[in-house]
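The values are calculated or read from the model by the stated rules, or taken from the named source; none is laboratory data. Keep in mind the model is a prediction, meaning the values are calculated, not measured. FYI the Cβ positions are ideal-geometry reconstructions off the backbone, even for glycines, and counts take in every protein chain you see. Side chains included, ligands, DNA and RNA excluded: accessible areas come from the protein's heavy atoms. Shrake-Rupley method; radii C 1.70, N 1.55, O 1.52, S 1.80 Å.
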Amino acid sequence: VGCGFSGIVTYSFIGRDACDQLLLHGQDPRRRLVSILNPLTEEQTVMRSSLLPGLLATMYGNSKQQNNDLKIFELGKVFLNLPPADQDQLPEEIEMISGLWTGARQVRTWYSKETRVDFYDIKGVVEVVCSGLNISGIRFTPLAGPDFPYLRPGYGAQIHAGEEMLGALGELSEEVLKNFGLKQAACCFDLN
């Protein structure tokens with residue numbers, strides 16, 4: 001909030017196709033979806049395994065109302081089924097914070113030139129969030145492996161505190177934006 005973001009609350013239920021829309025590979029743990037026995041709609045058949053689909057749906061709704069400058073975040077749980085050997089256990093619940101920034105870097109005025117948000121803006125937000133949570137020793141490394149396919153190659157980074165990976169940040173890939181019906185570039189972060 002101190003960085004100008006608005007907190008949102010989205011449904012804990014998403015459509016089964018959200019993993020495909022985010023381009024997650026077949027062995028990604030976020031594909032271990034928890035099914036709903038009696039879903040209300042076809043778009044809410046599983047528990048969310050990422051907060052990003054809710055943020056992207058909010059961006060889509062705002063873009064339909066011509067609100068193209070958006071700074072939003074959500075703090076909530078994601079749900080993952082355990083591996084098949086542990087199926088008699090309850091799903092894993094992980095507390096996450098994710099944010100999305102799209103549009104102008106700052107409020108438009110008649111005398112200033114519009115500048116679009118970029119990787120370094122969202123990186124600064126993550127640094128402020130980690131500082132506020134008293135997480136020290138933050139470092140950013142280039143994306144490695146297939147864990148974050150929804151980020152544009154060369155425009156993202158993994159976030160580490162010591163030897164532990166906390167998440168990732170960067171610009172969303174054009175294919176993911178297209179999958180969610182979006183035309184404007186956006187940057188996001190996803191932290192455990």
Of the residues in segment 141-160, how many are surrounded by fewer than 16 Cβ atoms within 10 Å (Cβ to Cβ) and either of a type in the set (S, T, N, Q) or in contact (Cβ under 8 Å) with a residue 24 or more places away in the chain (or both)?
2
Within segment 70-120, the residues that are among the basic types (Lys, Arg) and at pLDDT 85 or above are Lys71, Lys77, Arg116
Matching residues in segment 17-39 - criterion: being open to solvent by less than 40 Å² (accessible area, probe 1.4 Å), aliphatic (A, V, I, L, M), assigned to a loop (DSSP other than H, G, I, E, B) and under 25 Å from Glu174 (Cβ atoms):
Leu22, Leu24
Sort out which residues of segment 161-192 are closer than 20 Å to Asp69 by Cα, open to solvent by 20 Å² or more (accessible area, probe 1.4 Å) and in a loop (DSSP other than H, G, I, E, B), and write them in order of number.
Phe180, Gly181, Lys183, Gln184, Ala185
Give just the number: which of (1) under 22 Å from Leu191 (Cβ atoms); (2) open to solvent by 20 Å² or more (accessible area, probe 1.4 Å); (3) not in a helix (DSSP H, G or I) does Thr109 not satisfy?
(1)
Given the residues Val1, Val34, Val107, Val9, which is the only one that is within 14 Å of the chain's Cα centre (by Cα) and β-branched (Val, Ile, Thr)?
Val9
Output yes when any residue across segment 74-83 is among the polar types (S, T, N, Q) and more than 30 Å from Asp118 (Cβ to Cβ), and no when none is.
yes
